[in-house]
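Working notes, beginning with the structure itself.
The values are calculated or read from the model by the stated rules, or taken from the named source; none is laboratory data. For clarity, every value in this text was computed on a predicted model and none was experimentally measured. Neighbour counts run over all protein chains shown; Cβ positions are idealised from the backbone, glycine included.
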Amino acid sequence: MFVLSKIVQFLLSPAHVLLACLVLGIVLMAWRRTRRAGTIAVVGATVVLVVIMVVPVGAWLLAALEDRFPPPEPMPADVAGIIVLGGGQDARITVERGQPTVNDSAERMIEAAALMRRYPEAEVIFSGGLGFAGTTEADVARGIFTLMGVDTGRILFDETARNTYENALATYQLVQPDPDSTWLLVTSATHMPRSMAVFRKAGWPVVAYPVDYRTGRSGGKEAWFLLARHLGDLDVVVHEYVGLVAYWALGRSDDPWPEP
């Protein structure tokens, strides 16, 4: 199932779909009988690309995800623990360059370090098992936390979870939390709705602490005429919205659009 999900994610990428339409259209245009269909495919893909470049549709849809679970206000006076989901690490470059390396979701670890200072008695779990050449997200995160001066002895690193569903199951089994305790869940704001749905399904009513925002309060109105950025936003949109529906259909969550 894990491998299948990665294949589906690759095939549904908007950039890949549009490229396939362009290539198919060019091939069809080589024959007279299919030239009309090929022209339609090429023109259609080109028009869609222009629309994507001009209008930040992806940013608008991302804003809906990011605004679904706002940060707690006020912050809890005390928390029993902090859960940090993997995804801000680049294991391949870490291995090949010999330095702990982050990606554009590094705020998960940065904000986690700040929360650890704010709640010095809280338990901390980092969950992330994907990696490269025997190095996991947890291994990279351990190196990053060390560089930031964080006491990694406070952190329990789970190196088994490969996706959000496994994050929830693995951390729940590790902690066996008191149902009345308060736990903060730290992950990217776009990823928070799916994460909350899965943790709730696991029987863990965590408190959302979203980080790593991709849109401002303007909802993407500042991001016009940026093709590469808009395609990247749409990739995240497809990944998260399809993930929400897929997890619900597979019984991994009880709600495809969970309430805050």
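Summary table below
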read-out	value
Pairs, first closer than 14 Å to MET192 by Cα in segment 243-260, second charged (D, E, K, R) and modelled with pLDDT of 95 or more, C-beta under 7 Å, six or more apart	GLY243/ARG194; LEU244/ARG194; TYR247/ARG194; SER253/LYS201; PRO258/ARG200; PRO260/ARG68
Residue match in segment 35-43 (condition: hydroxyl-bearing (Ser, Thr, Tyr), farther than 28 Å from THR182 by Cβ, at pLDDT 95 or above and out of contact with any Asp or Glu (no Cβ under 7 Å at 6 or more places or on another chain))	yes
Subset of segment 188-204 [under 12 Å from PRO70 (Cα atoms) and hydroxyl-bearing (Ser, Thr, Tyr)]	SER188, THR190
Answer residue from segment 95-112, given it is in contact with a helix residue (DSSP H, G or I) (Cβ under 7 Å, 6 or more places away or on another chain) and hydrophobic (A, V, I, L, M, F, W, C) and is surrounded by the fewest Cβ atoms within 10 Å (Cβ to Cβ) among those	VAL102
So LEU115, is it modelled with pLDDT under 95 and either under 17 Å from THR160 (Cβ atoms) or crowded, with 18+ Cβ neighbours inside 10 Å (or both)	no
Filter result (within 20 Å of VAL211 (Cβ to Cβ), surrounded by fewer than 16 Cβ atoms within 10 Å (Cβ to Cβ) and aliphatic (A, V, I, L, M)) within segment 73-94	MET75
Tabulated pairs, segment 31-56, first closer than 25 Å to TRP224 by Cα, second among the acidic types (Asp, Glu) and not in a helix (DSSP H, G or I), C-beta under 9 angstrom, 6+ apart or interchain	PRO56/GLU222
Qualifying position, being aliphatic (A, V, I, L, M) and either modelled with pLDDT under 95 or assigned by TED's automatic domain parsing to the domain that holds HIS191 (or both), among VAL55, VAL48, VAL23, VAL27	VAL55
Criterion: within 21 Å of the chain's Cα centre (by Cα), part of a helix (DSSP H, G or I) and more than 28 Å from LEU65 (Cβ to Cβ) - qualifying residue of ARG142, ARG108	ARG142
